[in-house]
1. Identify, please: which residue in segment 76-92 is of a type in the set (Val, Ile, Thr) and surrounded by 15 or more Cβ atoms within 10 Å (Cβ to Cβ) and is, among those, nearest to Ala50 (Cα to Cα)?
2. Filter segment 49-75 for residues that are aliphatic (A, V, I, L, M), surrounded by 12 or more Cβ atoms within 10 Å (Cβ to Cβ) and at pLDDT below 85; which is farthest from Leu36 (Cα to Cα)?
3. Within segment 75-99, can you find the residues that are of a type in the set (A, V, I, L, M, F, W, C) and either touching a Gly at 6+ places or on another chain (Cβ under 8 Å) or within 16 Å of Ala40 (Cβ to Cβ) (or both)?
4. Residues of segment 1-51 being within 19 Å of Thr72 (Cα to Cα) and hydroxyl-bearing (Ser, Thr, Tyr), which ones?
5. Which of the following residues is assigned to a helix (DSSP H, G or I) and more than 30 Å from Asp107 (Cα to Cα): Gly68, Gly84?
6. From the set of residues in segment 98-109 that are in contact (Cβ under 8 Å) with a residue 12 or more places away in the chain and part of a helix (DSSP H, G or I), which is surrounded by the fewest Cβ atoms within 10 Å (Cβ to Cβ)?
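The values are calculated or read from the model by the stated rules, or taken from the named source; none is laboratory data. Just so it is clear, the structure is predicted and the values come from calculations on it, not from any experiment. Methodologically, a virtual Cβ is constructed for each residue, glycine included, from the backbone with ideal geometry; neighbour enumeration extends over all protein chains shown.
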Amino acid sequence: MHLAYPVVLSALLFCTGVYGVLARRNAILVLMSVELMLNAVNLNLVAFDAWLSRAARAAFPHDGLHSGQALTLFTIAIAAAEIGIGLAIVLAVYRNRGTADIDRLRDTAEDGGGSADTGAGRDDGAGTDDATATGTGEKAEASA
């Protein structure tokens with residue numbers, strides 16, 4: 001088998017993952033796209049390991065080290081931990097905010113807490129209660 005087939009397939013998987021990270025709004029779909037990108041890397045590691053071990057077999061016939069496959073196992077373990085932690089974070093954010101939409105989460109972070117900050121009860125004079133009290137006080141002084 002030629003090396004080009006798995007490399008092209010992994011490039012397509014990686015590009016699909018990048019598109020998913022950039023275009024999706026749901027945090028779970030973004031995590032799935034990151035997993036696609038990691039699987040593309042795993043496919044490259046295994047393909048290049050098979051290609052290099054076949055080339056090195058002529059020079060070193062007793063070398064049984066498959067470092068690409070060992071690295072793939074570590075990548076799979078890291079990906080499993082990443083998806084576990086990522087899903088826990090997404091579930092915690094969903095419980096607190098009520099949404100897993102990335103744009104809405106970003107908007108509430110920029111607003112400083114979202115719709116909970118309405119301006120009521122402030123002591124800086126910017127509330128409507130202070131403005132109307134000042135206005136009635138001026139009318140009372142003008143009529144006296």
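1. Residue satisfying both the conditions and the ranking: Ile83.
2. Ala56
3. Keep residues of segment 75-99 that are of a type in the set (A, V, I, L, M, F, W, C), which gives 76-81, 83, 85, 87-93.
Ile76, Ile78, Ala79, Ile83, listed by residue number.
4. Across segment 1-51, the qualifying residues are Tyr5, Ser10, Ser33.
5. Working: Gly84 fails: more than 30 Å from Asp107 (Cα to Cα).
Within the list Gly68, Gly84, the selection yields Gly68.
6. From segment 98-109, those in contact (Cβ under 8 Å) with a residue 12 or more places away in the chain are 100-103, 105; that's our starting set.
Within this subset, residues satisfying the condition of being part of a helix (DSSP H, G or I) are 102-103, 105.
Working: Ile102: 15, Asp103: 9, Leu105: 19.
Only one residue fits best here, namely Asp103.
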